[in-house]
Amino acid sequence: MQKLKQEKKIGIGENLRRLRISKGFSQVEVVARLELYGINICRVTYNKMEHNNYSIRINELLALKMIYDCEFKDFFIGLKFPSLQNFVN
C-alpha cells in the first residue's frame with residue numbers, strides 16, 4: 001500500500017486534529033473506528049499522524065475520510081506549496 005510522506009514543515013496532521021475535534025472524537029475513538037475498517041494502529045501511531053511524524057497509507061486516509069465524513073480537500077486545507085525561493089541558490 002502506498003504512503004503519503006509527511007514532513008514537519010508540510011503535512012496534514014493539523015487538519016487531522018481539527019477534523020477529529022470537530023467530530024468530538026478522542027484519538028482512542030478514532031483508532032477504534034479505524035479498526036472497523038480493518039486498520040490496526042495504536043493511539044500512539046495516530047498521534048504521530050497528527051504531528052506529521054508518520055507517513056499515512058492511502059487506505060488509512062480513505063478510512064479517515066469515511067470516519068470524519070469529509071472531502072479529501074479537507075485534509076489539505078491551509079497547506080502551501082513551498083516557495084520557489086527554497087529551491088534556488
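Quick notes on this structure:
- Most to least packed among 50-60, 23-33 [average Cβ atoms within 10 Å]: 50-60, 23-33
- The H on the amide N of Ile56, modeled in the peptide plane, is under 5 Å from the matching H of Leu4, Gln6, each at least 5 residues off or on a different chain.
- Highest average packing first - 68-76, 13-21, Cβ atoms within 10 Å: 13-21, 68-76
Laboratory data are not the source of any read-out in this text; all were calculated from the coordinates shown. Please read these numbers as outputs of a predicted model, since none were measured by experiment. All Cβ positions, even for glycine, are placed from backbone atoms using ideal geometry, and neighbour counts span all protein chains on display.
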